[in-house]
Amino acid sequence: MSCWPPCSSVWCECVDDQCQPSPTSFNAVRITTADGRYLQAYNGGGTYLAPVATNTPGPWETFLFEPPTVWPLSSGSPIALRHVTDNWGPSPDLVRVEHGVYRLPRKGKKDPHLVRYQIGGEGEHVLVHPGFSAGYPAYPGDDPNERVFTLTKIEGGIAAPDGSPITNGDEVTFSFFSENPNEPVRAWRLLDDVSPAHVDGDGVPGGPLAPSVFLVEFNEVREGAGWRPSQRPCRSCAGVVAHVSRRTDGRGIAGAQVKALPPAEPFAGTTPPAPLGGAPDGHVKLSAFIDGAQRTCVPSGEIRLQATADRYQTSTVPAQVPDHGEITVAIPMDCTLVAGKVIDEAGSAVPGVWVFLSGQDGMLLRDENGNPYQTKTDLNGKFTFACVTHGFVKVTTAADATAFQTRTIGPQGWTDVVLVTQSTAGNVTVVVTDRATSAPVGGAQVILTTPGGANQVGTTDVNGRVTFTGVRPAGLGQILVTAPGYLPASVPVNVPATGSRTVSVPLDPDVAVQFPAAFVFQLDWGITPKDLDLHCSGPDQTGGPRFHCFFGSRTPVPYVALDTDDTNGTGPERITISKVAGSYVPGEYHVWVHCFSTPPPGFLDSGASVTLVSLDGMNLPTQRGRWAVVNAQGPENRLWIVVQITIDAQGALTATNVLMTYLAGTSNDVL
């Protein structure tokens, strides 16, 4: 496991999954004058050291230790300094003292004037410069004495004893060796205390020394990273606690899901439930599973937190994560509202009437305190429900039970509900016919959907007619008609506010049903009893006794087969009736179910049902009938007698006799 977020600085290191400052390797110094000006390699390498005023020292004001410098430093230590590049790397330039010339006295008129090169001297300066070339006649070339200085600590205006530790902020002087036999030690001094011209290398041989006292600051410098900054937190992140509450009263919200939006994802959390007998707290600390561990420190910077909760509108707030510590971010949430008005047919407000909210199951919805959502309209006919649970909502009014609206709502709610009450009602008559023959279609199921979304169901009589009375509200609705042997049909209907309206619905034949490729009886049941058996008998093609298709004779004739058998509960079992030479064997087919399990626990415990479907040429089923054992009559017994159907050679069901009774018997009985 590694540090996460990664350590925020090159000056830090990861130890035992914790970011901590790396040890400081002192290798650099900055030097200031008594009045606070930094010594600078003025205009880069090759020019004088010059004191300059700056609030942001950089590479030109920074010098690296060079051998024989050894940290820690003390009074009397040798020190050599190297200038750095703009990228904070070592440059080829060292801080040196320019050499001077010392004339040796003549011993006679014929004795030539000889010179001796010395470090420093009158008018000579400290430079940041590569080594000098050898001179004539006495200068030997690059001389370590040009770049190795003695660092002396100053305490109380005098030199401290050799070996006294030197630390940040101490006063020091820099001195160097001179070949002048009269003055072997020289010191740095400013040309003056005002002009930032240069640092003098001490001039007049034998003259009084006037060394400048400087202040030093030691630190670590890394190439590309620069001067080590003051210590900051090594991990730039903080804990983030979200406090989710109701905007109106500050009450904490339980079960609110809080997540950080990109780029701070996947930090998230869910507010805990309310304690027993207490109020919800609404606080949650965000966390995320990252890099193999659960993390709770969110990277610093701007983030956006989004809270979602049932009964509340989504809320998003900005936050600024600090580089350490922990912050609490308040996320107020507004309730999800359901609001609207109740009006009459003329558009006038209906004040003082009850309005209710109910769910998909028809039961009244309840608020967070368990109270039903019910309220009365105000003088303007308006109503409002706050903090409504998300999902299916039905809005009704006691002023008119048919004046309702439904919608599945989300966090934004539903605030434009309009319930139109109606004091009158109309009648709708539906006439169903065969489109090809105009003959009435009896037994068709008709579903009338009113403008409010309610359904009324009826069945056409022998004349193909069905009438719905007292239909409201008025407006555009729909009629859906289904009938055996026909394709479904739907037509719009304008429900009248009063009076009656007749709607004709012609049906087109369903060719797949009229000319089926096969019939299938299917038996389904629950986990008990383990074994129910589907049985079928029918006409024998050769004129013999009726065939008996069951588990003991799965293919008694070529056109009937038990395709699926089950003995471990739930089914299904299937018996298929097929064609022979393009036609069905006409006659009466009987279907019953035998309880094979011993002892039988009872058909009513099984939840058994038998479904008859016809298959078209592509094996798509059409339900032709379905019978449930719960509707069977009489005392239970071993045999459940389901239905008798008559099929002609073309596959038309010309007669159906639904029996739904019980009978004593065995699996070998043929009915």
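Across segment 314-328, the number of residues qualifying as buried (at least 18 other Cβ atoms within 10 Å of the Cβ) and either of a type outside the set (Val, Ile, Thr) or within 17 Å of THR248 (Cα to Cα) (or both) comes to 2. Among the residues of segment 388-408, not a single one is open to solvent by 30 Å² or more (accessible area, probe 1.4 Å), in a loop (DSSP other than H, G, I, E, B) and touching a Cys at 6+ places or on another chain (Cβ under 8 Å). Is segment 520-542 home to any residue that is modelled with pLDDT of 95 or more, of a type in the set (D, E, K, R) and over 46 Å from the mean Cα position of the chain (by Cα)? Yes; the residues of segment 520-542 include at least one that is modelled with pLDDT of 95 or more, of a type in the set (D, E, K, R) and over 46 Å from the mean Cα position of the chain (by Cα).
Take the residues in segment 360-369 that are closer than 18 Å to TYR312 by Cβ and either in contact (Cβ under 8 Å) with a residue 60 or more places away in the chain or assigned to a loop (DSSP other than H, G, I, E, B) (or both), then tell me which one is nearest to the chain's Cα centre (by Cα). In this case the residue turns out to be GLU368. Here segment 476-497 is the region considered, the condition is being under 18 Å from ALA425 (Cα atoms) and assigned to a loop (DSSP other than H, G, I, E, B), and the residue that is modelled with the lowest pLDDT is ALA497. Whether a residue is open to solvent by less than 40 Å² (accessible area, probe 1.4 Å) and over 60 Å from the mean Cα position of the chain (by Cα) was assessed, and PHE63 does not pass this test.
Do we have GLN360 as under 28 Å from PRO273 (Cβ atoms), at pLDDT below 95, in contact with a Phe, Trp or Tyr (Cβ under 7 Å, 6 or more places away or on another chain) and open to solvent by 60 Å² or more (accessible area, probe 1.4 Å) here? So GLN360 fits the description; yes.
When you scan segment 339-347, do you find a residue that is β-branched (Val, Ile, Thr), over 30 Å from PRO6 (Cβ atoms) and assigned to a strand (DSSP E or B), even just one? Looking through segment 339-347, at least one residue is β-branched (Val, Ile, Thr), over 30 Å from PRO6 (Cβ atoms) and assigned to a strand (DSSP E or B). Checking the stated criteria, ARG106 turns out to be at pLDDT below 95 and open to solvent by 90 Å² or more (accessible area, probe 1.4 Å). For PRO68, only one of the following conditions fails: (1) under 30 Å from PRO140 (Cβ atoms); (2) open to solvent by 40 Å² or more (accessible area, probe 1.4 Å); (3) at pLDDT below 95. What is its number? So the condition that PRO68 fails would be (3).
When the residues of segment 633-655 are narrowed to those that are of a type in the set (A, V, I, L, M) and not in a strand (DSSP E or B), which ends up nearest to PRO529 (Cα to Cα)? Talk me through it step by step, then tell me what you get.
Filtering segment 633-655 for residues of a type in the set (A, V, I, L, M) gives 639, 641-643, 645, 647, 649, 652-653, 655.
Right, trim to not in a strand (DSSP E or B) and you get 649, 652.
Values: ALA649: 37, ALA652: 35 Å.
Looking at the filtered set, the residue picked out is ALA652.
Among the residues of segment 656-671, just one is assigned to a strand (DSSP E or B), on the phi < 0 side of the Ramachandran plot, open to solvent by less than 60 Å² (accessible area, probe 1.4 Å) and aliphatic (A, V, I, L, M), namely LEU659. Note on segment 290-314: residues that are in contact (Cβ under 8 Å) with a residue 40 or more places away in the chain and farther than 11 Å from ALA260 by Cα amount to 16. Residues that are surrounded by fewer than 18 Cβ atoms within 10 Å (Cβ to Cβ), assigned to a strand (DSSP E or B) and without any contact (Cβ under 8 Å) to a residue 40 or more places away in the chain do occur in segment 578-591, at least one of them.
Take THR598 and decide whether it is without any contact (Cβ under 8 Å) to a residue 60 or more places away in the chain, touching an Asp or Glu at 6+ places or on another chain (Cβ under 6 Å) and either part of a loop (DSSP other than H, G, I, E, B) or open to solvent by 10 Å² or more (accessible area, probe 1.4 Å) (or both). The answer is no for THR598. Could you please find all residues in segment 164-181 being touching a strand residue (DSSP E or B) at 6+ places or on another chain (Cβ under 7 Å), more than 18 Å from ASN27 (Cα to Cα), open to solvent by 10 Å² or more (accessible area, probe 1.4 Å) and not β-branched (Val, Ile, Thr)? Across segment 164-181, the qualifying residues are SER164, GLU171, SER175, PHE177, GLU179. Summed over segment 606-632, the residues that are buried (at least 16 other Cβ atoms within 10 Å of the Cβ), part of a strand (DSSP E or B) and not aliphatic (A, V, I, L, M) give a count of 7.
If I filter segment 422-437 down to residues being at pLDDT below 95 and of a type in the set (Ser, Thr, Tyr), which single residue comes out as surrounded by the fewest Cβ atoms within 10 Å (Cβ to Cβ)? By that ranking, first place goes to THR437. Considering segment 493-513, the residues that are touching a Gly at 6+ places or on another chain (Cβ under 7 Å) and among the charged types (D, E, K, R) include one that is least open to solvent (accessible area, probe 1.4 Å), namely ASP510.
The values are calculated or read from the model by the stated rules, or taken from the named source; none is laboratory data. On a predicted model such as this, the values are computed, not experimentally measured, just so you know. Note that we place each Cβ from the backbone using ideal geometry, even for glycine, and neighbour counts take in every protein chain shown. To get the accessible areas, we keep the full protein, side chains included, count just its heavy atoms, and leave off ligands, DNA and RNA. Shrake-Rupley method; radii C 1.70, N 1.55, O 1.52, S 1.80 Å.
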